[in-house]
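The values are calculated or read from the model by the stated rules, or taken from the named source; none is laboratory data. Since we're looking at a predicted model, the values are computed, not measured. Every residue, glycine among them, receives a Cβ derived from its backbone with ideal geometry; neighbour counts consider all protein chains shown.
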Amino acid sequence: MEFVMTENPAPFAQPRRDLSIDQQLALRVAATSLQGEFSETFGVDTIERFLHSSYDQFARPATVPNFLPLLAERFARQRLNALARVEGMICDGKPTVLFLCTHNAGRSQMALGFFTHRAGERAVAWSGGSEPGNEINPAAIEAMAEVGIDITQEFPKPWTDEIVRAANVVISMGCGDACPIFPGKRYEEWAVPDPAGQTLEAVRPIRDDIEEYVRRLLEELGLTGTP
């Protein structure tokens with residue numbers, strides 16, 4: 001379906017009556033932004049479906065409602081990029097790595113931080129959890145800040161089929177049987193303790209172990225050196 005941007009985009013085909021007026025407006029703004037990015041790749045229906053399903057992923061009592069549309073837009077953007085890779089619409093040859101743990105609040109976020117910091121634009125990396133938490137582990141944030149990496153802009157999120165399918169390498173840290181399995185991918189299990197509920201002192205060696213795992217992965221992918 002071909003989409004042509006207009007100055008006043010039409011409202012969603014199926015208005016969300018379960019949302020407040022402010023939330024509906026924020027989602028319309030988010031949809032307009034996503035349509036501007038993906039109009040040549042996906043139709044309006046696909047973009048709105050991914051946006052609304054992403055919103056539903058975060059619509060929990062513990063989440064601040066005002067931030068939901070922003071989280072939904074960011075997650076939908078990641079999912080649409082993943083789908084474009086799966087369907088062959090993005091063929092840049094970049095290695096794509098997915099880091100998984102249970103809550104996507106500590107280990108996978110630290111791994112993502114190290115990987116993106118060192119790989120830069122030479123690779124694509126995402127993270128997810130089987131039971132996403134409500135916030136990034138504060139001790140993990142502080143431990144990463146000590147080595148000059150800011151992970152405060154990330155947020156716990158689930159994985160989706162298109163994200164797993166788009167990845168070349170899937171790294172699991174304690175997901176167990178919950179981790180998704182798709183044929184033709186490289187899977188690794190990193191034996192790293194869970195930093196949940198741990199002090200900063202206890203998280204530091206976990207951080208250092210993850211950094212070493214990431215360093216080895218970068219070498220295997222040919223991504224050593226300065227980005």
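Criterion first (outside any helix (DSSP H, G or I), within 15 Å of LEU83 (Cβ to Cβ) and modelled with pLDDT of 90 or more) does GLU40 satisfy it?
Considered against the rule, which asks whether it is outside any helix (DSSP H, G or I), within 15 Å of LEU83 (Cβ to Cβ) and modelled with pLDDT of 90 or more, GLU40 comes out as yes.
So which residues in the stretch 84-93 are under 22 Å from LEU217 (Cα atoms) and buried (at least 17 other Cβ atoms within 10 Å of the Cβ), if there are any at all?
ARG85
Would you mind finding the one in ASP161, ASP209 that is of a type outside the set (A, V, I, L, M) and within 25 Å of PHE58 (Cβ to Cβ)?
None of the others qualify; the one that does is ASP161.
Does the stretch 171-179 include one or more residues that are at pLDDT below 95 and over 21 Å from GLY133 (Cβ atoms)?
No, every residue in the stretch 171-179 fails to be at pLDDT below 95 and over 21 Å from GLY133 (Cβ atoms).
Only helices (runs of 4 or more DSSP H) wholly contained in the stretch 96-169 count here; list those with 3 or more residues that are surrounded by fewer than 21 Cβ atoms within 10 Å (Cβ to Cβ) and touching a residue at least 12 places away in the same chain (Cβ under 8 Å).
Filter on the stretch 96-169 gives 161-166.
Considering only residues that are touching a helix residue (DSSP H, G or I) at 6+ places or on another chain (Cβ under 6 Å) and free of Cβ contacts under 8 Å to residues at least 24 places away in the same chain, which ones fall in the stretch 26-43?
If the condition is that a residue be touching a helix residue (DSSP H, G or I) at 6+ places or on another chain (Cβ under 6 Å) and free of Cβ contacts under 8 Å to residues at least 24 places away in the same chain, then ALA31 is the only one that fits.
Go through (1) in contact (Cβ under 8 Å) with a residue 60 or more places away in the chain; (2) among the β-branched types (Val, Ile, Thr); (3) within 27 Å of ARG77 (Cα to Cα) and name the single condition VAL192 misses.
It fails just one condition, (3).
Step by step: first the residues of the stretch 177-227, then only those that are among the small types (Gly, Ala, Ser) and surrounded by 11 or more Cβ atoms within 10 Å (Cβ to Cβ), then the one that is nearest to the chain's Cα centre (by Cα). Which residue is that?
This residue is ALA178.
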